[in-house]
Amino acid sequence: MPSILVLDLGGCEGCIASIMNSYPKLEKKYDLYISYLGNLNLDREFDFAIVSGPVSLVSSEKIDLLKKVRENSKILVAYGSCASVGGIFLYSKGQNCRFASIGKVVDIDYSIPGCPPASRTIINFLNCIEKKGGRFLELFKALTKYQKLSGFDLIDDVVLTGLCVGCGACTLSCPTEALQLVDGVPDLIVEKCIRCGTCIVRCPKFTQNILR
Amino acid sequence: MFHDVNLENPIGSVEGIYVAKPKKVENAGVVTSILLYMLENKKVDGVVTARKVKGILGKILLIKTRDELLNTVGNCWSVVPYTMKLKDMLTSSNLNKIAFVGLPCQAQFLRHMKTFPLVESDFANKIYVIISLFCMGTFITDGFVKLIREYKISPEDVKNIDIDKDYLVIIHSDGEIKVPVDIVLNHIQHGCLLCPDYTGVFADISAGRAITKKGTLLITRSKLGDNIIKKASEEGYIEVESASEDEITKLKEKALEKLKRAMDYTAKLL
Ligand code: SF4
Ligand code: SF4
Ligand code: SF4
């Protein structure tokens, strides 16, 4: 069975908890290594490493850990908003609080935002990998080029550039109701944006653009 | 698996292509008939679709009964946005199997949400079936209304709109007018000019006007979509026949036209 390492680098562990919800399904097809199971062993090779949480740029320990995971895994997935697009940690201030999406430190293969992604996401992602394709897999690959994505980018890159068609996918996707349609286009209530990136990866204009 | 458009195949993955006519309720339209079949046979407990409110403007509704459904009028030729209100309606209702009708861009978004719920507030498990209407693009409403007023047509009188090669055909209460596409292009949303998908490749069922004969063209893309069409026909809600080679060729031509337009404009605008 293919092996999967699931590791949180310092997020809220919500992503791990959501993966644990799928454990009964996952264990039928994969060997899982998760701290919750008490079998975390970083000295072996993995077919997949699913990493959640941001990387602290002031912790050489975390940086080294991440690099080691990269070396030991065939496919590295940045899972959840913090690991993939920075998430709410990008707001943190102070000399000792420098966080980044993990793509800033190592090369990643797929980037899946979500805060936290619902349990079904990991299963469907692995299914897509197994079937080798699909547009959404390409999307998660294309997202690895971005170190940050949020409602701010949606406004800048889609709305202010005049590409928005007013479909409402972003407003319907936002978990905090930070986006509202005003005169048919989205407007961002900045204080409410947790930088989860869901709105922009659901925006048909953004995705058509990065997949063209 | 749902495949994206490309130059070899501009209509995406296909399970079956049919031409259908309404049967049970004569003046209902094929999509409405399919929805009616699903509601009356409890395949879904709700339908989210756009209703024309005024002129070319529409509103998204959550429909639960036959009467509500038959009172909604179809196409709006403007994107009818999914709003936060819709989310409130969906999350607060006890409806759990919903049919969504939208445009290709909305079908893509819904499929993404259904397959990859990225946040707990996603209502992925309520999306039962996704139906997409064919789309050549939508208008910047203010500009378009001004344009048709110049032709002495009031938006309230617009009955149907279709693109026929170099002309936009606007069918209104007193007849029809043809507006050269060059003029119309200025009033199509920029985002739509970049959109490559005519039929809605991420839907379970795509529907639009048939080209070679009277009727509605249906493309099914999943087993679920195909079963719905077959059952709706068995139960006498619609009359279905396989689309002719000629019809499919013409459909592909039209889809290719949109894809090429998207490629041209992508080179120009981005
Ligand atoms: S606007 Fe909403 S969906 Fe978009 S990044 Fe912010 S919180 Fe997430
Ligand atoms: S998802 Fe994109 S195109 Fe749709 S309303 Fe939001 S910004 Fe506009
Ligand atoms: S042309 Fe594309 S983006 Fe525009 S409304 Fe139609 S499906 Fe949506």
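The values are calculated or read from the model by the stated rules, or taken from the named source; none is laboratory data. All values derive from a computational prediction rather than experimental measurement. Here Cβ is always computed from backbone atoms with ideal geometry, including for glycine, and neighbour counts include all displayed protein chains.
Out of the residues in segment A:74-91 meeting the condition of being surrounded by fewer than 24 Cβ atoms within 10 Å (Cβ to Cβ) and in contact (Cβ under 8 Å) with a residue 40 or more places away in the chain, tell me which one is farthest from A:CYS199 (Cα to Cα).
A:ILE75
Within segment A:104-123, how many residues turn out to be away from ligand 2 (no atom under 16 Å from the Cβ) and within 8 Å of chain B (Cβ to nearest Cβ)?
Result for segment A:104-123: 8.
If you check B:ALA203 against the conditions, is it within 14 Å of chain A (Cβ to nearest Cβ) and of a type in the set (A, V, I, L, M, F, W, C)?
Answer is yes for this residue.
Just name the residue that is nearest to ligand 1 (Cβ to nearest atom) out of those in segment B:142-163 that are over 30 Å from B:PHE2 (Cβ atoms) and among the β-branched types (Val, Ile, Thr).
B:VAL145
Looking at B:LYS59, B:LYS87, which one is over 27 Å from A:GLY114 (Cβ atoms) and either within 14 Å of chain A (Cβ to nearest Cβ) or within 16 Å of ligand 1 (Cβ to nearest atom) (or both)?
Result of the check over B:LYS59, B:LYS87: B:LYS59.
Only one residue in A:GLY151, A:GLY162 is touching a His at 6+ places or on another chain (Cβ under 7 Å) and within 16 Å of ligand 2 (Cβ to nearest atom), so which one is that?
None of the others qualify; the one that does is A:GLY162.
Do any helices (runs of 4 or more DSSP H) lying entirely in segment B:131-230 carry at least 2 residues that are more than 16 Å from ligand 3 (Cβ to nearest atom), and which ones are they?
B:141-150, B:181-185
I'd like the residue in segment B:53-100 that is of a type in the set (Lys, Arg) and over 28 Å from A:ALA178 (Cα atoms) and, out of all such residues, is modelled with the lowest pLDDT.
So, considering only residues that are of a type in the set (Lys, Arg) and over 28 Å from A:ALA178 (Cα atoms), the one modelled with the lowest pLDDT is B:LYS54.
Could you please find all residues in segment A:146-172 being at the interface with chain B (Cβ under 10 Å from one of its Cβ atoms) and in a loop (DSSP other than H, G, I, E, B)?
Within segment A:146-172, A:THR161, A:GLY162, A:LEU163, A:CYS164, A:VAL165, A:GLY166, A:CYS167, A:GLY168 meet the criteria.
Could you say which residue among B:ASP174, B:ASP166, B:ASP182, B:ASP197 is more than 16 Å from ligand 1 (Cβ to nearest atom), among the acidic types (Asp, Glu) and surrounded by 15 or more Cβ atoms within 10 Å (Cβ to Cβ)?
B:ASP197
Of all the residues that make up segment A:155-170, how many are surrounded by 17 or more Cβ atoms within 10 Å (Cβ to Cβ) and within 15 Å of ligand 3 (Cβ to nearest atom)?
Residues meeting the conditions: 10.
Consider B:TYR167 against the criteria (1) more than 16 Å from ligand 2 (Cβ to nearest atom); (2) under 20 Å from B:TYR265 (Cα atoms); (3) within 14 Å of chain A (Cβ to nearest Cβ): it satisfies all of them except one. Which criterion is unmet?
(3)
Can you find a residue in segment B:110-121 that is more than 24 Å from A:CYS115 (Cβ to Cβ) and free of Cβ contacts under 8 Å to residues at least 12 places away in the same chain?
no
Mind checking which pairs have a first residue in segment A:160-188 that is over 18 Å from B:PRO117 (Cα atoms) and a second that is charged (D, E, K, R) and within 14 Å of ligand 3 (Cβ to nearest atom), Cβ under 6 Å, 6 or more apart or different chains?
A:LEU163/A:LYS205
Please enumerate the residues belonging to segment B:117-141 that are closer than 18 Å to A:LYS205 by Cβ and within 16 Å of ligand 1 (Cβ to nearest atom).
Residue satisfying the conditions is B:LEU118 alone.
Specify the residue that is farthest from ligand 2 (Cβ to nearest atom); the eligible residues are those in segment A:179-199 that are in a loop (DSSP other than H, G, I, E, B) and surrounded by 24 or more Cβ atoms within 10 Å (Cβ to Cβ).
By that ranking, first place goes to A:CYS196.
What residue, among those in segment A:148-169 that are in contact with a strand residue (DSSP E or B) (Cβ under 7 Å, 6 or more places away or on another chain) and at pLDDT below 95, is farthest from A:THR198 (Cα to Cα)?
Restricting to residues being in contact with a strand residue (DSSP E or B) (Cβ under 7 Å, 6 or more places away or on another chain) and at pLDDT below 95, the top hit is A:GLY166.
Can you confirm whether B:LEU103 is within 16 Å of the chain's Cα centre (by Cα) and either within 30 Å of A:SER18 (Cβ to Cβ) or within 9 Å of another protein chain (Cβ to nearest Cβ) (or both)?
yes
State whether the residues of segment B:144-159 include one that is within 14 Å of another protein chain (Cβ to nearest Cβ), surrounded by 15 or more Cβ atoms within 10 Å (Cβ to Cβ) and touching a residue at least 24 places away in the same chain (Cβ under 8 Å).
yes
Within segment A:122-146, which residues are buried (at least 22 other Cβ atoms within 10 Å of the Cβ) and modelled with pLDDT of 95 or more?
Once the filter is applied, which keeps residues that are buried (at least 22 other Cβ atoms within 10 Å of the Cβ) and modelled with pLDDT of 95 or more, segment A:122-146 yields A:ILE122, A:PHE125, A:PHE140, A:LEU143.
Quick one: is B:TYR82 within 16 Å of ligand 1 (Cβ to nearest atom), of a type in the set (Ser, Thr, Tyr) and touching a residue at least 12 places away in the same chain (Cβ under 8 Å)?
It is true that B:TYR82 is within 16 Å of ligand 1 (Cβ to nearest atom), of a type in the set (Ser, Thr, Tyr) and touching a residue at least 12 places away in the same chain (Cβ under 8 Å).
Cβ-Cβ below 8 Å, separation at least six or inter-chain, first residue in segment A:124-145 and away from every other protein chain (no Cβ under 11 Å), second at pLDDT below 95: which pairs?
A:ILE129/A:LEU137; A:ALA142/A:ILE210; A:ALA142/A:LEU211; A:LEU143/A:ILE210; A:LYS145/A:ILE210
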